[in-house]
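This report concerns only the one structure given below.
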Amino acid sequence: MTWIYRNVIRPILFEQNSEAAHEWMLASLSWANRSPVLGDAIASLFESPNLPVDLFGLSFPNPVGLAAGMDKHATALPAWEGLGFGFAELGGVTWHSQEGNPQPRLFRAVDSEALINRMGFNNPGARKFAANLTEWESRGRWPNHPIAINLGKSKTTPLEQAPEDYAQSLHALWKYADFFVVNVSSPNTPNLRELQNPSALDEVLAAVQEANQQEASARAKRTKEQIVKNNKVSLRDSSHPKPILVKIAPDLPFEALDELLKITFKREIAGIVATNTTVTRPASNNADLQRVYGEEGGLSGRPLRERSTEVIRHLYRSSCGRLPIIGVGGVFNASDAWEKITAGASLVQVYTSLVYEGPGIAKKIVQGLRGLLTENGFKNLKEAVGTSSV
């Protein structure tokens, strides 16, 4: 299927504007997965083998997840399980609906298998996003793997009001997510990355954790019985606070990462997503690449792989392996995923490689990881985490 995608389907898609192709793909997946029969047919082609990971009190059928930014509206919620992913991170979602930045805002750097985006958190807002999730649930199409929701700051919200903005979104979406990711690292919302400064981040995380506890307490009052879907997979109906993670930029110096770690421990953050897109650009003599690299926005894909792994390794060493990491950035194959896992990531995510490699990417990576575990004499993935960073 990868060959067919790369040589037949991808050339057709790449004739279209990047965002138009993206929206067509999401609409097609949404349509197909409204039918259990079609959904099952897709899963029969792309379902990944089991490679379970237990993390955050959740059970992941495999460690390969969909990164945020791919499904900003929960348009294709059931599709990601059918495509073999072990979890999916939806959004980013902001409290207020917003159209994002003017188009065009998504660009392919084909020769380097990269993307540049300046989408700007285009999304329907937290309340409409919740309604979209409710619709999928009412159709009986809720996936069996964990669902994360990525929270961003509304563009119109001043930085000093960011804590309340994030907290409002969490209140609206709390019951739908197995865990949340606080995004303070997108380069496409003005001044957002200033929220990675220790004092600002501390205020945001304090507000989010307070809202998290309030929702958990309210749930406990409504029921005395904790309901955990399938006894392991989902905390959606639990009366416990949800795991909160923070997504960070790859452009932070190591000293800033160490300061950030102090805040995450102080606020009992469950983990780090490393990393978001980068505002730096690799050197190139290729005129086509130089033209695309000249676009403003965050770069993802193969050129980000090495730096995101460096950040993962530093975080793992600095935290002595105590803070779980989700590795994202340039994961195109099992070797890339293995590099991040052995550097310190417990899970990985893909985005750009789905665009370039097609719908079989998760299955291909999981199959490869199973082989690498056997080859290296590990019984499970947990044993491999951080082994190259010790």
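The values are calculated or read from the model by the stated rules, or taken from the named source; none is laboratory data. Keep in mind the model is a prediction, meaning the values are calculated, not measured. Here Cβ is always computed from backbone atoms with ideal geometry, including for glycine, and neighbour counts include all displayed protein chains.
Is it true that some residue in segment 34-57 is closer than 27 Å to Arg139 by Cα, of a type in the set (Val, Ile, Thr), out of contact with any helix residue (DSSP H, G or I) (no Cβ under 6 Å at 6 or more places or on another chain) and not in a strand (DSSP E or B)?
Yes, segment 34-57 has at least one match.
Residues to consider are Arg322, Arg281, Arg267, Arg317; find the one that is under 20 Å from Asn188 (Cβ atoms) and surrounded by fewer than 23 Cβ atoms within 10 Å (Cβ to Cβ). Let's see the steps before the verdict.
Values: Arg322 fails: under 20 Å from Asn188 (Cβ atoms); Arg267 fails: under 20 Å from Asn188 (Cβ atoms); Arg317 fails: under 20 Å from Asn188 (Cβ atoms).
None of the other options fit; the residue is Arg281.
If you check Asn117 against the conditions, is it over 24 Å from Ile272 (Cβ atoms), within 20 Å of the chain's Cα centre (by Cα), surrounded by 18 or more Cβ atoms within 10 Å (Cβ to Cβ) and not hydrophobic (A, V, I, L, M, F, W, C)?
no
Tell me whether segment 291-306 contains one or more residues that are of a type in the set (A, V, I, L, M) and within 23 Å of the chain's Cα centre (by Cα). Step through it out loud before you land on a result.
Taking segment 291-306 and keeping what is of a type in the set (A, V, I, L, M), we get 292, 299, 304.
Then keep just the ones that are within 23 Å of the chain's Cα centre (by Cα); that gives 299, 304.
There is at least one residue in segment 291-306 that is of a type in the set (A, V, I, L, M) and within 23 Å of the chain's Cα centre (by Cα).
Just give me the residues in segment 138-153 being surrounded by fewer than 23 Cβ atoms within 10 Å (Cβ to Cβ) and of a type outside the set (A, V, I, L, M, F, W, C), in sequence order.
The answer is Ser138, Arg139, Gly140, Arg141, Pro143, Asn144, His145.
For segment 164-171, check the following and say yes or no: at least one residue is surrounded by fewer than 20 Cβ atoms within 10 Å (Cβ to Cβ) and either farther than 17 Å from Lys247 by Cβ or at pLDDT below 95 (or both).
Taking segment 164-171 as the starting set, the residues that turn out to be surrounded by fewer than 20 Cβ atoms within 10 Å (Cβ to Cβ) are 164, 171.
Filter once more, so that each one left must be either farther than 17 Å from Lys247 by Cβ or at pLDDT below 95 (or both): 164, 171.
The answer is yes; a qualifying residue exists.
In segment 79-103, which residues are surrounded by 24 or more Cβ atoms within 10 Å (Cβ to Cβ) and either assigned to a helix (DSSP H, G or I) or aliphatic (A, V, I, L, M) (or both)?
If the condition is that a residue be surrounded by 24 or more Cβ atoms within 10 Å (Cβ to Cβ) and either assigned to a helix (DSSP H, G or I) or aliphatic (A, V, I, L, M) (or both), then Ala79, Trp80, Glu81, Leu83, Ala88, Leu90, Val93 are the ones that fit.
Which one of Ala362, Ala256 is touching a helix residue (DSSP H, G or I) at 6+ places or on another chain (Cβ under 9 Å), surrounded by fewer than 17 Cβ atoms within 10 Å (Cβ to Cβ), aliphatic (A, V, I, L, M) and in contact (Cβ under 8 Å) with a residue 40 or more places away in the chain?
Values: Ala362 fails: surrounded by fewer than 17 Cβ atoms within 10 Å (Cβ to Cβ).
Answer to the check: Ala256.
How many residues are outside any helix (DSSP H, G or I), charged (D, E, K, R) and closer than 29 Å to Pro102 by Cα if we restrict to segment 279-336? Spell out how you get there, then give the answer.
Our first condition is that a residue be outside any helix (DSSP H, G or I); within segment 279-336, this holds for 279-286, 294-301, 319-333.
Applying the additional criterion that residues be charged (D, E, K, R) yields 281, 295-296, 322.
After this cut, where a residue has to be closer than 29 Å to Pro102 by Cα as well, the list is 281, 295-296.
Of the residues in segment 279-336, 3 are outside any helix (DSSP H, G or I), charged (D, E, K, R) and closer than 29 Å to Pro102 by Cα.
Where in segment 343-390 are there helices (runs of 4 or more DSSP H), lying fully within it, with 1 or more residues that are polar (S, T, N, Q) and more than 25 Å from Arg317 (Cα to Cα)? Can you show your working first?
Details: elements: 352-357, 361-375, 381-384.
Qualifying helices (runs of 4 or more DSSP H): 352-357, 361-375.
Since Trp31 meets every condition but one in (1) under 30 Å from Tyr166 (Cα atoms); (2) surrounded by fewer than 19 Cβ atoms within 10 Å (Cβ to Cβ); (3) among the aromatic types (Phe, Trp, Tyr), which condition does it not meet?
(1)
In a loop (DSSP other than H, G, I, E, B), at pLDDT 95 or above, among the small types (Gly, Ala, Ser) and touching a helix residue (DSSP H, G or I) at 6+ places or on another chain (Cβ under 6 Å), is that true of Ala76?
Numbers: in a loop (DSSP other than H, G, I, E, B): yes; at pLDDT 95 or above: yes; among the small types (Gly, Ala, Ser): yes; touching a helix residue (DSSP H, G or I) at 6+ places or on another chain (Cβ under 6 Å): yes.
The answer is yes for Ala76.
Among Val110, Val37, which is surrounded by fewer than 18 Cβ atoms within 10 Å (Cβ to Cβ) and closer than 29 Å to Pro282 by Cα?
On the way: Val37 fails: closer than 29 Å to Pro282 by Cα.
Just a single option satisfies the conditions, and that option is Val110.
Looking only at segment 365-390, count every residue that is of a type in the set (Gly, Ala, Ser) and out of contact with any helix residue (DSSP H, G or I) (no Cβ under 8 Å at 6 or more places or on another chain) and tell me the total. Quick ask: steps written out before the conclusion?
In the first step, residues of segment 365-390 are kept if they are of a type in the set (Gly, Ala, Ser); the result is 368, 371, 377, 384, 386, 388-389.
After this cut, where a residue has to be out of contact with any helix residue (DSSP H, G or I) (no Cβ under 8 Å at 6 or more places or on another chain) as well, the list is 377.
Of the residues in that region, 1 qualify.
Over 28 Å from Ala43 (Cα atoms) and either aromatic (Phe, Trp, Tyr) or in contact with an Asp or Glu (Cβ under 8 Å, 6 or more places away or on another chain) (or both): does that describe Ala148?
Values: over 28 Å from Ala43 (Cα atoms): no; either aromatic (Phe, Trp, Tyr) or in contact with an Asp or Glu (Cβ under 8 Å, 6 or more places away or on another chain) (or both): yes.
For Ala148, the condition - over 28 Å from Ala43 (Cα atoms) and either aromatic (Phe, Trp, Tyr) or in contact with an Asp or Glu (Cβ under 8 Å, 6 or more places away or on another chain) (or both) - is not met.
Does Lys247 meet the test of being assigned to a loop (DSSP other than H, G, I, E, B), modelled with pLDDT of 95 or more, charged (D, E, K, R) and buried (at least 17 other Cβ atoms within 10 Å of the Cβ)?
It is false that Lys247 is assigned to a loop (DSSP other than H, G, I, E, B), modelled with pLDDT of 95 or more, charged (D, E, K, R) and buried (at least 17 other Cβ atoms within 10 Å of the Cβ).
Just wondering, is there one or more residues in segment 196-210 that are within 30 Å of Arg34 (Cβ to Cβ), in contact (Cβ under 8 Å) with a residue 24 or more places away in the chain, buried (at least 18 other Cβ atoms within 10 Å of the Cβ) and small (Gly, Ala, Ser)? Walk me through how you get there before you give the answer.
Let us first name the residues in segment 196-210 that are within 30 Å of Arg34 (Cβ to Cβ), namely none.
No - not one qualifying residue is present in segment 196-210.
Restricting to segment 143-176, count the residues that are part of a loop (DSSP other than H, G, I, E, B) and within 13 Å of the chain's Cα centre (by Cα). Talk me through it step by step, then tell me what you get.
So the first thing to find is which residues in segment 143-176 are part of a loop (DSSP other than H, G, I, E, B), and the list is 143-146, 152-158.
Filter again for within 13 Å of the chain's Cα centre (by Cα), leaving 146, 152.
So the count comes out to 2.
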